[in-house]
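J.: My questions will all concern the structure given below.
Since every read-out is calculated from the coordinates, none of them should be taken as a lab result. Given the structure is predicted, the values throughout are model-derived calculations rather than measurements. Glycine also receives a Cβ, built like all others from the backbone with ideal geometry; neighbour counts cover every protein chain displayed.
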There are 2 protein chains.
Amino acid sequence: MPVNLPPPVAADLLPVAGVSLGVTEAGVRKPGRRDLTLIELDAGTRVAGVFTRNRFCAAPVQVCQRHLADGDIRALVINTGVANAGTGEQGMADAIATCAAVAQLLGIAPDQVLPFSTGVILEPLPVARIVAGLPAAHANTGAANWFDAAHAIMTTDTVAKARSRTVTIDGATVTLTGMSKGAGMIKPNMATMLGFVATDAAIAQPLLEALVTEAADLSFNSITVDGDTSTNDSFVVMATGKAGHAEITSADSDACRALREALIGLSVELAQAIVRDGEGATKFMTVAVEGGRDRDECRKVAYAVAHSPLVKTAFFASDPNLGRILAAIGYAGIDDLDVAGLRVWLGDGKESVLVAEHGGRAASYREEAGARIMAAAEITVRIDLARGDASATVWTCDFSYDYVKINADYRS
Amino acid sequence: MPVNLPPPVAADLLPVAGVSLGVTEAGVRKPGRRDLTLIELDAGTRVAGVFTRNRFCAAPVQVCQRHLADGDIRALVINTGVANAGTGEQGMADAIATCAAVAQLLGIAPDQVLPFSTGVILEPLPVARIVAGLPAAHANTGAANWFDAAHAIMTTDTVAKARSRTVTIDGATVTLTGMSKGAGMIKPNMATMLGFVATDAAIAQPLLEALVTEAADLSFNSITVDGDTSTNDSFVVMATGKAGHAEITSADSDACRALREALIGLSVELAQAIVRDGEGATKFMTVAVEGGRDRDECRKVAYAVAHSPLVKTAFFASDPNLGRILAAIGYAGIDDLDVAGLRVWLGDGKESVLVAEHGGRAASYREEAGARIMAAAEITVRIDLARGDASATVWTCDFSYDYVKINADYRS
């Protein structure tokens, strides 16, 4: 059961001018499920992406990076079931063959296609089945198909993840619609996670690339389910430029700020959705670290807490086990951390309770107060390192019996 | 159920001349369990230790480090139930008060006592109960009490951990007897893990310190259950010098090599016992990395594999999910790792099966072969980075339903 994650409503997912989506059942790994998605983009669409830094990055990721460098992307093809990772030279050939088939179908060049795969790794990609499925996906493309596409990219997800928002830029209504998939193996540097956002905003390519990097850092690269980073993770933003406003060419403009805010907001929502649907999740945890010397050390502490299986099992048990939180802060790798100056709160805003200071439990802390906060489905841990002005926030979920069950049974 | 870990047999635990142990029920946290251990050392015993690097290191750890610097240690006092960590100034006062009470009882100075605590953290140490229990522990001290002591230092352990071995040095029979405790929260830099080894060998203090550091690196600092490092971990070696051989003063002597080999062997056995009794463990995993440029990068890769919840749940399921192993190698943090050169085997020795090479699954690999190895209770993953001559080995266990259960219920 995802934590406070209502499924998307088809009518709320706004079409984006210049973007058509089609899905089909290609039987990639199992029959009877929609497992192939085709996204077609009008000419002139600008595309930018951020990809996994895993050294075993999958063949499609390598092909995406090469094709993005050439520019002028016109289509995305996404399959589930098989990740085409750890597949060596054959995997590269398979990813390229998939692009070639899409190109032939649409009358474009193979390097105008971005391929994405998610699923089990080390298995060969069944290219023939994907190629055979493409005409059906192409035949049903439409601008209103975000709901279907969000379902077709799911793997261990229990709920589809898609949202829209609009923003007014120079008097024009600009639409952003996005979808994501992923439920485990989620961490910075992009785990088995796919995120796609399309907008009809008009924006210069270098600015789009900067925005995508920033949005990824604050969203998909700030979540973790189990600390593993995958071979296939990708976050791609497509801007068709059809909204009718003047092209955004300066970062220091109201138009850019408005688009930036909307893109980051949507990306955070899509990334948090992955954590809310984390494998076996029963709690949504926000770990907010402030008072660090730089963002990097704040992230180190936040991730040490968010990755700790002991912290995550305590949250599953609604147990305000502060000791495990403090221990995680202590081994986060800040060698000169002064634990006497550190403060830790459970909860947020008015509900927040100071739980630790002066190197131990706060004198004012009562376990009932901590237990009250831990009983909620959404819990914030706030940590003040008291040594600077930097901050960072990471989102994660708890570790439950079901996490083990899902991951022990995944391939069976 | 621990993995291939027979409980110690009282008669197999050899007394060490110059070392007496006594235990009692002090009621530290719960009544009716032996939770206080006193180890008394003859004058002239040399002692060296290695301690947690967690910034929240517990009060007793800080006191141990100070007292060891002064030398001439005559007693160790160990309580379970409460870890006296995250307890601020009061925690320091409590640890010192415990030492003072032992000192008064034995007629020694307080700084000749090393205190150890393990259990829940952030709770105040019930010093009065510990002090009240000391006379009973002292009254029953004896050289043959290793079996009782190994039981009295247990917390979430399901089985006591103690072993002896002997080695001949210059014609004298030298005895080493040790015990350890810990079952979760185990990682390098010493997790909630206590290890004690006593020997009647005679060895110069600087040599003893070097041996302890080396033995800790190859044993207690090469294991992990869940990646968390605790606030209290300590590994202490005591050498009474009663065996009757000439004092070892040179590292480059047969005597030192013999003692070194015995100490490392015993430490590895005691450290592995913690993994075999890992919380919820059903499998014992050895991750052996070779062909690295230095030991540090080999350890990085080994720990990335050993910490991955996805790898650990796959091992629980006896699933040869190589993809998860390769993904973990890929995110271990070696930026210039050439995945095409890397090779991975499952199993050890004659039984070993090459599973990955050339950036993907080995052509010769058959899943039945992998499944056969994964069915065993002890599984080796061997990884050749093919870029140097360094190596490192890490031991861990799988992640099961029971891991979550134990850690979600620990305090209730």
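J.: Please figure out what share of the DSSP beta bridges in the range B:284-409 is antiparallel and state it in percent, rounded to the nearest 5.
T.: 70 percent
J.: Could I ask something else about it? Taking R0 as 51 Å, what's the FRET efficiency between B:A128 and A:A204 from their Cβ-Cβ distance, rounded to 0.05?
T.: Calculated transfer efficiency: 0.10.
J.: Rounded to the nearest 0.05, what FRET efficiency do B:E269 and A:A363 give with R0 = 51 Å and r taken as the Cβ-Cβ distance? Could you check?
T.: Efficiency at R0 = 51 Å is approximately 0.70.
J.: Calculate how many DSSP beta bridges within the range B:10-276 are antiparallel, expressed in % of all such bridges and rounded to the nearest 5.
T.: If we restrict to bridges inside the range B:10-276, about 70 percent are antiparallel.
J.: Okay, moving on. Pairs of alpha-carbon atoms within less than 8 angstrom and 6+ residues apart define the contacts here; what relative contact order does chain A have, in percent?
T.: 18 percent
J.: What's the local net charge at B:E25, with K and R +1, D and E -1, over the other residues with C-beta under 13 Å away?
T.: Numbers: positive: B:R29, B:K30, B:R33, B:R34, B:R129; negative: B:D35, B:D148.
Result for the neighbourhood of B:E25: +3.
J.: Here's another thing I want to ask about it. Are there DSSP H segments in chain B that both extend 15 Å or more along their axis (alpha-carbon positions) and score a mean Kyte-Doolittle hydropathy of at least -1.0? List them, or say none.
T.: Those that pass (Cα extent of 15 Å or more, hydropathy at least -1.0) are B:59-70, B:88-106, B:127-139, B:205-218, B:254-276, B:295-307.
J.: Determine the distance separating the Cα centre of the range B:85-108 from the Cα centre of the range A:15-49; give it in Å without decimals.
T.: Here the two parts' Cα centres lie 68 Å apart.
J.: List the residues of the range A:64-91 whose backbone N lies under 16 Å from a point placed 7 Å from the Cα of A:A100 along the Cα-to-Cβ direction.
T.: A:89-91
J.: Before anything else, pin down the relative contact order of the range A:284-409: Cα pairs under 8 Å, at least 6 apart, normalised by residue count, whole percent.
T.: Numbers: 239 pairs, mean separation 57.5, N = 126.
Relative contact order for the range A:284-409 comes out at 46 percent.
J.: Checking the table A:K300/B:K300; A:K161/A:K242; A:K312/B:K161; A:K283/B:K300 against a 23 Å threshold on Cα-Cα, which pairs fail?
T.: Check vs 23 Å cut-off fails for A:K161/A:K242; A:K312/B:K161; A:K283/B:K300.
J.: Ok, one more. Around B:F315, with a cut-off of 10 angstrom between Cβ atoms, what is the net charge of the other residues, counting Lys and Arg +1 and Asp and Glu -1?
T.: Local net charge: +1.
J.: Could you tell me what percent of the DSSP beta bridges with both partners in the protein assembly as shown are antiparallel, to the nearest 5?
T.: Restricted to the protein assembly as shown, the bridges split so that about 70 percent are antiparallel.
J.: Report the local net charge at A:D35: Lys and Arg +1, Asp and Glu -1, summed over other residues whose C-beta lies under 14 Å from its C-beta.
T.: My count for the surroundings of A:D35 gives +2.
J.: Summing -39500 (n - 2.57) over the DSSP H runs of n ≥ 4 in chain B and dividing by its residue number, what mean residue ellipticity at 222 nm do you reach, to the nearest 500 deg cm²/dmol?
T.: Taking each H run of at least 4 residues, the total per residue is -10000 deg cm²/dmol.
J.: How far is it, in nm, from the label point at A:D389 to the one at B:A69 when both lie 7 Å from their Cα along the line to the Cβ?
T.: 3.7 nm
J.: Note the distances from A:E214 to each other copy's matching label point, with points 7 Å along the Cα-to-beta-carbon direction, in nm, sorted shortest first.
T.: 5.5
J.: Scan chain B and report its longest stretch carrying no trypsin sites (Lys or Arg not before Pro) that are both in a DSSP loop and have at most 13 other Cβ atoms within 10 Å.
T.: Free of exposed loop sites, the longest segment is B:1-365.
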